[in-house]
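Data first, discussion second: the structure below is written as structure tokens.
The values are calculated or read from the model by the stated rules, or taken from the named source; none is laboratory data. Quantities reported herein were computed from a predicted structural model and do not represent experimental measurements. All Cβ positions, even for glycine, are placed from backbone atoms using ideal geometry, and neighbour counts span all protein chains on display. Just so you know, the surface numbers come from the protein's heavy atoms only, side chains and all, with ligands and any DNA or RNA stripped out. Shrake-Rupley method; radii C 1.70, N 1.55, O 1.52, S 1.80 Å.
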Amino acid sequence: MADRLTQLQDAVTQMSDYFCNSIGILQQNQTTETKEGGGESSTNNATLFASLISQTATDIETLIESLPDQEYTPEKQEETLKNLVAENQVSGEKLRQVINEAESMLKQVRLYHKTI
Amino acid sequence: MKMAASESEATQAFPNPPSILYKLYTDEAVESGSAPKPPPPVQGHYQMFGAPFNTGDAMIRSLEEQNVQRLYPQQYDKKVELKKLNRSILICFLELLDILIDNPSSPERNDKIKDLSILFINMHHLINEYRPHQARETLRVVLERQKRQRDEMIQQITRAMEKAQTILKTCDGSLKQLITTLPAAEDEQEEMETSQANEKTDQNPVTLDSFVDSQDRDLIKYVDTFK
């Protein structure tokens, strides 16, 4: 599943596709209908496109609603990122220490095991 | 043979990087620093898929720069404007349909189509303005996850080490007892537990008896260092 922004963009593009196709079909049926006096298929198509378009509009509305209300300023985001990078480095350093400790402990245990 | 290999590589959807390049980055070469450095970041103009780009360009070019009419005010709430646009698009489409019904050949029709396309461009533009924000937020989530993973790893290792130490400590007590009381056969079993390693000791009980004193004192000394 794509992210919300891409979904929203896809929905908007789809909306334009529906517009295009619905008018295209109207035009396509127009010549035949004047001869045959209207058909059931065009009513069906109209209902189909009406429901597709209203559905897409609702989807777009829902997707917009799901976007974040207040955006953080780029500066604030950058600050958060800097903090996170720093915290990450501390954690990484700590992890390295712990691993070294564990490795040396393992080495000692193995060493002893060999001497037995 | 070589031709066949390169041909099959050329038809892959995701071909391997050229081997003359990546083969330069062996462990030794990277360590000694003789591996080629990554190319410097491009400054100024460059081309991507034939289209010219400039590194100084704004991430998202404003609508005015692209000669598109801007349909929302300078100060705006993106969500509110997006919803307005969404509705305007629907209304515009209905109006277009009305024109098509009443007077298909009128010049109004082309105006309406133009309005509709401007509305769509504006909407896409507003959505795209969220992208830089989204990129930074994604980065934040990745960093947070990375940090959490590291912290969890630290906890796991610490816990394992503590467990190993308690086992070694209990071994210390039982080994002290062993030196004075227990026969050699059980001794071997105890030492296997102590070692914590998966290898199986292949000593036999008869010879163990002879050096159990000096060796076990070493072990006790060693285990003491963990207290």
Once normalised by the length of chain A, the mean sequence separation of its alpha carbon contacts under 8 Å that are 6 or more apart gives a contact order in percent of 33 percent
Expressed as a whole number, the average count of other chain Cβ atoms within 10 Å around the Cβ atoms of A:6-19 is 4
Between chains B and A, total accessible area buried, probe 1.4 Å, no ligands or nucleic acids, nearest 100 Å², roughly 4800 Å²
Using a 1.4 Å probe on heavy atoms of the protein chains only, the accessible area for B:LYS84 in Å², nearest 10, reads 110 Å²
For the range B:164-176, in residue order, the Karplus 3J(HN,Hα) values (coefficients 6.51, -1.76, 1.60; θ = phi - 60°; whole Hz; Gly and Pro = x) are 4, 5, 5, 4, 5, 5, 5, 5, 4, x, 5, 5, 4
Diffing the range B:86-94: the Karplus 3J(HN,Hα) column from phi (6.51, -1.76, 1.60, θ = phi - 60°), in whole Hz with x for Gly and Pro, holds 4, 6, 4, 4, 4, 4, 4, 5, 4
Scalar couplings 3J(HN,Hα) for the range B:119-134 by Karplus 6.51 cos²θ - 1.76 cosθ + 1.60 (θ = phi - 60°), nearest whole Hz, x for Gly and Pro, are 4, 5, 4, 4, 5, 4, 5, 4, 5, 5, 5, 6, 4, x, 4, 4
Under a 1.4 Å probe, counting only protein heavy atoms, B:ILE60 has an accessible area in Å², nearest 10, of 50 Å²
The value for the range B:9-93 (convex hull of the alpha-carbon atoms, volume per residue, Å³) is 261 Å³
Partner shielding of A:49-57, as the mean number of partner chain Cβ atoms within 10 Å, equals 1
Of the listed pairs B:LYS84/B:LYS114; B:LYS78/B:LYS112; A:LYS94/B:LYS169; A:LYS107/B:LYS163, those with alpha carbons more than 20 Å apart are B:LYS78/B:LYS112; A:LYS94/B:LYS169
Binned at 5 Å starting from 0, the alpha-carbon pair-distance distribution of the range B:52-147 in whole percents comes out as 2, 11, 16, 17, 14, 12, 10, 7, 4, 3, 1, 1, 0
